[in-house]
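Have a look at the structure below, then the notes.
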Amino acid sequence: MNKSIKRNNMSKLLFCGIILSCFSIGCSNAQVKAPAPYGPVPNVNQLRWQEMEFYAFIHFSLNTYTDQSWGYGNEDVNLFNPTELDCRQWARICKEAGMTGVILVAKHHCGFCLWPSEYTEYSVKNAPWKDGKGDVVQEMADACKEYGLKLGIYVSPWDRNHPDYGRPEYITYFRNQLKEVLTNYGDIFEVWFDGANGGTGYYGGENGNRRIDRTTYYDWSNTYKMIRELQPNIVIWNDGGDRADLRWVGTEAGYIGETNWSLLNATGDVPFEMLHYGVEDGDSWVPGEVNTSIRPEWFYHPSEDAKVKTLPKLMDTYYNSVGRNATLLLNFPIMPNGLIHPNDEKAAIEFGKMIKQTFAVNLAEKTKAEATNVRGNASKFSASKAVDGDTETYWATDDDVNEASLTITFNKPTKFNRFLAQEYIRLGQRAKAFTIEALVDGNWKEIAKATTIGYKRILRFPSVETTQLRLNIIDSKSCPVISNIGVYDAPQILTPPSIIRNQAGEIIITPADSESVIYYTTDGSEPTSNSKKYSGPIPTEGKIKVSAIAYESVSGKRSPVTREEYDLPRTEWKLVDITDRRASVIFDGNPNSAWHQPRNTRLPADLVIDLGKELNLSGFKYYPDQTMWGPGIITQYEFYVSNDNADWKLVDKGEFSNIKNNPTWQTKKFEPVKARYIKLRALKNTENNNNLGYAEVDVITE
Ligand code: FUL
């Protein structure tokens, strides 16, 4: 036997001896070391931020007065004159909704500053509001202090007003502005750099197209350095350029991937999919923040007053963000008068109440918990640490274990429909797959399964009643480390039905479940269980407002109201020169069906429609393909009308701003004109290629 093998065997014996004596006499806590961190871990700023969970975005600018999504940069500062601006109202609503902070859009893409910046004339200092003496950022900072909220700031890197945008001088300007907002308003918890850049803009009167190389132009690393010096506790969000502390999740629709790693690679471009799911073996901790608006759009548009998200929709958003290891950044658009609309206020407060009510009682807390493996058998890592109500303590297993179960025994049969788990992320994100089982009639029955956990994971399932619940970690990158388990009985809420009007003009209402009954109105009034009962497609003519609710007779519960408004039916519409019969989905009312132009199409390309008769037109609507990252989304368009399909008149042209990130209905108005034919000409799409798709096209008539 050679010497090294002998030494090896000796040390093995010694090791076994220690293990054996540990098991026979029980290891003292002091002897058992905590698991070593696995992979990248969050820094203190990221940890503090993650615990904020739910906070607000505020969009308010000149766009508010022009009904736009993106200002061009030449909008008149005199438009900014809110008569009732009250940041205390915004802060109160955020607080009542259970939010922990507010990120104010201090400068959007149009370049107008909500603070009196020393470096530009395009700000509140030249607006009539408060005779140019106002400062919205200051008022927001004061209101946040009063209501115990943290303040964050959005400063758009793309500036469609500034003459130097695209040149090196602009970077100095941008940094000077950042210096102002990060020096003069107290602690800032997060700074937000949106990567949008549509190219065109006013640019000090040039009205041109300024291209930048987003990987080099902003020189982010030096800007980050300056930010961290000014605000050492800040987290930086950036969806372009250098990797920041937080990441975008690839959509503004309000959800992140079911699998969600808080990891990315520090260098290299990130495809959308990776933003949505994270990178399992990424080398940097970059957690996701789900940003979405309480209405379809970010800025206020009166036409969306009935489109404020319902409670079930907002709860879905919560489960698909906070419940999937992300935070939720929920936007309020501010009205021209300077206030949050009452519909948004009501929805946000109801939402906050429902979150509070759902998670008020943790049925797992202080229950009996046992695990198949406990690290070194030490009580400080026992299963009970996951149900002690303290997220600083945790259940951990031995290092070589990546599959383990934890069983909770309730002291009486307990009914629940939500399960929550948290990893102690200071030691890294570990779990890759897990299941939940309940003991039903003496057998273990799987009630839910999922992939990653991270900071917080919440699963929803139909109610079960049981005395025992088991969490099985079935795969983990390293030994499981679970700091908290929650079991809850969430109140049931009915999801509102969906409404469409098909090409024949029939209204079709679909409930979200099979048990509820639908009641509806067609005159704009509030539906109740005394309204008409829906039993099948409703033939309609002309302009119409349809409202519907789902109602459950046993519980007496009713859903929020779905409201839709329709212009004239598209019964006689025909596509000109398109023989593909599938193309009729453009008029079928179904937002989820889309048609794409043939592969050989080259932009600019037209969609020509014969309306069947002359109509008095005053606008049109375009709804893009809703498939996630779907192809063929138009960004630049021209819209023509004709009476004979030969002589065409251009009535509108422009951009569908922000359509890539937020592919909602695009509504464009123009001077009323009589015509029988319409032509939507696509000049450019989001992918800079020749794909062209449409889910719906409609018109607005006088
Ligand atoms: C986007 C912007 O282009 C929108 O206007 C909005 O500010 C949103 C939060 O980020 O990408």
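Just to confirm, what accessible area per residue do you get for segment 495-556 at 1.4 Å probe, in whole Å²?
Details: 3220 Å² over 62 residues.
Heavy-atom accessible area per residue stands at 52 Å².
Multiply the residue separation of residue 357 and residue 400 by 0.36 nm, subtract the distance between their alpha-carbon atoms, and state the gained length in nm to one decimal. Before the final figure, lay out the partial values.
On the way: separation 43, 0.36 × 43 = 15.48 nm, distance 3.97 nm.
Here the answer is 11.5 nm.
State in Å² the accessible area per residue of segment 44-358; use a 1.4 Å probe, count heavy atoms of protein chains only, and round to the nearest integer.
The answer is 35 Å² per residue.
List the residues whose amide H sits under 5 Å from the amide H of residue 468, counting only those 5 or more places along or on another chain, with H placed 1.01 Å from N in the peptide plane.
410, 439
Using alpha-carbon positions, what is the distance between the centroids of segment 432-449 and segment 585-650, in Å?
Rounded to whole Å, the Cα centres lie 50 Å apart.
Scan segment 567-630 for trypsin sites (Lys or Arg not before Pro) in coil per DSSP, keeping those whose Cβ has at most 16 other Cβ atoms within 10 Å, and list them by number.
Details: sites: 570, 574, 581, 582, 599, 602, 613, 621; in loops: 570, 599, 602.
Hits after loop and neighbour filter: 599, 602.
Suppose a student asked you for the relative contact order of segment 596-656, using Cα pairs under 8 Å spaced at least 6 residues apart; what percent would you report?
On the way: 39 pairs, mean separation 13.8, N = 61.
Result for segment 596-656 is 23 percent.
Using a probe of 1.4 angstrom, how much of the accessible area of the chain is carbon and sulfur, in percent? Before the final figure, lay out each step's value.
Values: 14640 of 30100 Å².
Carbon plus sulfur share of accessible area: 49 percent.
Check the straight Cα-Cα distances from residue 532 and name the lysines below 26 Å, setting aside those fewer than 8 residues away within the same chain.
Reachable lysines: 307, 309, 313, 543, 545, 557.
Of 221, 524, 112, which is farthest towards the positive pole of the chain's charge dipole, taken about the Cα centre with +1 and -1 on the beta-carbons of Lys, Arg and Asp, Glu respectively?
My answer, from the dipole projection, is 221.
Considering the dipole of the chain built from charges on the beta carbon (Lys and Arg +1, Asp and Glu -1) around the Cα centre, which of 237, 260, 499 is farthest to its positive end?
Value computed over the given set: 260.
Calculate for the chain the 222 nm mean residue ellipticity that helices alone would give, adding -39,500 (n - 2.57) per DSSP H run of length 4 or more and normalising by residue count, nearest 500 deg cm²/dmol.
Working: 10 runs with 115 residues, N = 702.
The helix contribution divided over the chain gives -5000 deg cm²/dmol.
So who's got an amide H within less than 5 Å of the one on residue 244, skipping anything under 5 residues away but keeping other chains? H placed 1.01 Å off N, in plane.
238
Using unit Cβ charges (K, R positive; D, E negative) and no other charged atoms, how large, in debye to the nearest 20, is the dipole of segment 76-161 about its Cα centre?
Working: 10 positive and 12 negative charges, 51 e Å.
For this selection, approximately 240 debye.
So what is the relative contact order of segment 228-326, in percent, for Cα pairs below 8 Å that sit 6 or more residues apart? Display every interim value, and only then the final one.
On the way: 152 pairs, mean separation 28.2, N = 99.
Taking the mean separation of contacting Cα pairs over the length of segment 228-326, I get 28 percent.
I'd like the distance separating the alpha-carbon centroids of segment 287-350 and segment 359-388, in whole Å.
So the two Cα centres are separated by 36 Å.
Calculate the dipole size of segment 574-701 relative to its Cα centre from +1 charges on Lys and Arg beta carbons and -1 charges on Asp and Glu beta carbons; express the result in debye to the nearest 20. Can you show the working numbers first?
Working: 17 positive and 16 negative charges, 14 e Å.
The calculated dipole for segment 574-701 is roughly 60 debye.
Considering only DSSP states other than H, G, I, E and B, which GluC sites (Glu not before Pro) in segment 467-549 qualify as loop sites with at most 16 other Cβ atoms within 10 Å?
Filter output for segment 467-549: 515, 541.
So, in nm, how far is label residue 628 from label residue 266 when the simple model puts each one 7 Å beyond its Cα toward the Cβ?
2.9
May I ask which residue of 196, 472, 451 lies farthest towards the positive end of the charge dipole of the chain, with charges of +1 (Lys, Arg) and -1 (Asp, Glu) on Cβ and the Cα centre as origin?
472
Using the Cα atoms of the chain, I'd like the radius of gyration and the largest Cα-Cα distance, Dmax, both in angstrom.
Rg then Dmax for the chain, in Å: 28.4, 100.
Under a cut-off of 19 Å between alpha-carbon atoms, report the lysines in cross-link reach of residue 653, not counting same-chain residues fewer than 8 places apart.
621, 668, 669, 674, 679, 684
With a cut-off of 14 Å, note down the residues of segment 295-333 whose backbone N falls inside the zone around a label point 7 Å from the Cα of residue 512 toward its beta carbon.
309-320, by backbone N distance to the label point.
Please report the relative contact order for the chain, taking Cα pairs under 8 Å with a sequence separation of at least 6, and give it as a percent rounded to a whole number.
Values: 1668 pairs, mean separation 70.5, N = 702.
Relative contact order here is 10 percent.
Would you kindly find the accessible area of residue 349, with a 1.4 Å probe and non-protein molecules such as ligands, DNA and RNA excluded, rounding to the nearest 10 Å²?
20
Leaving ligands and nucleic acids out of the surface, order 681, 214 by accessible area at 1.4 Å, largest first. Can you show the working numbers first?
Working: 681 60, 214 110 Å².
The most accessible residue leads, giving 214, 681.
Can you count the Lys pairs in segment 24-172 whose Cα atoms are under 24 Å apart, with each pair 8 or more apart or on different chains?
12
How big is the charge dipole of segment 368-488 about its Cα centre, in debye rounded to the nearest 20, if each Lys and Arg gets +1 on its Cβ and each Asp and Glu gets -1 on its Cβ? Let's see the in-between values first.
Numbers: 17 positive and 14 negative charges, 80 e Å.
Roughly 380 debye, rounded to the nearest 20.
Using a probe radius of 1.4 Å on heavy atoms only, what accessible surface per residue do you get for segment 578-682? Whole Å² is fine.
Values: 5030 Å² over 105 residues.
Dividing the accessible area of segment 578-682 by its residue count gives 48 Å².
Label points 7 Å out from Cα along the Cβ direction at residue 582 and residue 618: separation in nm?
3.8
Trypsin sites (Lys or Arg not before Pro), restricted to segment 95-151: which are DSSP loop and have at most 14 other Cβ atoms within 10 Å?
Values: sites: 95, 107, 125, 130, 133, 145, 150; in loops: 133.
Sparse-neighbourhood loop trypsin sites (Lys or Arg not before Pro): 133.
At a probe radius of 1.4 Å, what is the per-residue accessible area of residue 314, in Å² to the nearest 10?
Only protein atoms counted, so the area is about 0 Å².
The values are calculated or read from the model by the stated rules, or taken from the named source; none is laboratory data. Just so we're clear, the structure is a prediction, and the values are computed from it rather than from any experiment. As a convention, Cβ positions derive from the backbone with ideal geometry for all residues, glycine included, and neighbour counts pool all protein chains shown. Side chains are part of the model used for accessible areas, which takes the heavy atoms of the whole protein and leaves out ligands, DNA and RNA. Shrake-Rupley method; radii C 1.70, N 1.55, O 1.52, S 1.80 Å.
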